[in-house]
Amino acid sequence: MFADFADQWTPVLPSSDVRAKPRRVVVAGEALVVWRDNAGRAAVLLDRCPHRSVSLALGSRTREGGLACKFHGWEFGTDGACAYVPFNPQAPRERLGATAVPHRELGGMLWVYTGFDPQTEPYLPEHLRDDEGAEQLTRFYYHEEWDAHWTRAMENMLDYPHLPFVHRNTIGRFVRAKATRSSRLIFDLTDTAQGFRFGAQLDDHEPSAWLRWLRPNSMILDVAPEPRMMRIQTYCIPAEPGRVRMLLVTARNFSRNPLASPALDRLNVFILHQDRAVVESSDPVEVPPGKHEKSVRTDRPTLEFRSWYLRELKGSSAAPPAPGAPPASAARAGSGEAGGR
Ligand code: FES
């Protein structure tokens, strides 16, 4: 399961899109059902009823906050345990459970673990933490799906030299204004605990943008000099094969005027859309080994990501627990308690 993306934490939806009504969401080829229980805690199961394998997302929340399958009404708790089998009071319910998926709700998003025994917690960058001046920030969440492999989208997000071309009238405008045909771009790439970071320097100009890669699938771009903060973060979430869910998070510490916010938010969505046609045109769909495409010095960040993906994630998969027996870690996660940062 979760082929080529196993044992990773990834956000899947903004918290505001997780409601009492069960919702199907596909992550790395696996369909999940997400909903909120009576106490408002998020729950996540594989979207497959253990009885006849239909989608649990067609069902509804039970009075107790669990999930009732639409087909024959079997009921499951948020940990996947089978709670009720109509017309079969003697049924061995301990062997009839659905499969719970480890999850957390952090930073305004629902995260899932693409495996069944997480040994780590999601990494939250500073602008998503609630304890570090979050009240000073205006955050915005947006998501949509593209017809692209997530690795192509991820590379696009880590690719600085495309800014003055794809984003010529938005975030690439200033690079375009300063660049000449003999200009050089310098990246001071530094490894971090989560991936790498670099500032992009054009000729002798001070770096005007700072970009971070957070393994496995996120990019943060800072486009405003301190003390201002204008941060654009994207998560490239593998969905169905050949589809990627682009989850955009922005945070800024200025223009808190509610009248100005919609315009700035629309601009950031527009910037995201500027990338879409280029990324969706990629052929082959998934990033190939580096030597299969011609590269230059300024491709270093994308090649670093590509090497990591092909080495660490490609070919990975997770084995589900035995039917009806969610592991302790998944059951713990099902409590919806926030994990560490
Ligand atoms: S298929 Fe779900 S209860 Fe029968």
*What nm distance separates the two modelled labels at ARG129 and LEU303, each placed 7 Å from Cα along Cα→Cβ?*
3.5
_Distant-in-sequence amide H partners of ARG19 (H built 1.01 Å from N, under 5 Å)_ = ARG36
*Could you grab the relative contact order for the chain? Cα pairs under 8 Å, six or more apart, rounded to a whole percent.*
25
*Among 85-96, 201-212, how do they line up from the highest to the lowest mean number of other beta-carbon atoms within 10 Å?*
201-212, 85-96
*asked:* If each residue of separation counts as 0.36 nm, what is the full-extension length gain between ASP191 and SER281 once their alpha-carbon separation is subtracted?
replied: 29.4 nm
*Computed lengthening from ASP204 to GLN136, 0.36 nm per intervening residue step minus Cα-Cα distance*: 21.1 nm
*Using the 10 angstrom Cβ neighbour count as an exposure proxy, how do THR62, THR190, THR234 rank, fewest first?*
THR190, THR62, THR234
*Once fully extended, how much extra length lies between SER53 and THR170, figured as 0.36 nm per residue of separation less the alpha-carbon to alpha-carbon distance?*
37.4 nm
*In which sequence would ILE220, ILE186 go, from the one with the fewest C-beta neighbours within 10 Å to the one with the most?*
ILE186, ILE220
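Which of THR298, THR151, THR180 has the fewest other C-beta atoms within 10 Å, and how do the rest follow up to the most?
Going from sparsest to densest Cβ surroundings: THR180, THR298, THR151.
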*Tell me, what is the percent relative contact order of the stretch 9-113, built from C-alpha pairs under 8 Å that lie six or more residues apart?*
27
*What's the angle, to the nearest 10 degrees (0 to 90), between helix 261-280's Cα axis and the longest principal axis of the chain?*
90
*asked:* With unit charges on the beta carbons (Lys and Arg positive, Asp and Glu negative) and the dipole taken about the Cα centre of the stretch 9-113, which residue among GLY40, PRO22, GLY97 sits farthest to the positive side?
replied: PRO22
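Since every read-out is calculated from the coordinates, none of them should be taken as a lab result. The structure presented is a predicted model; accordingly, all values stated were derived computationally and were not measured. Heads up, the Cβs are rebuilt from the backbone with ideal geometry, glycines too, and the neighbour counts pull from every protein chain shown.
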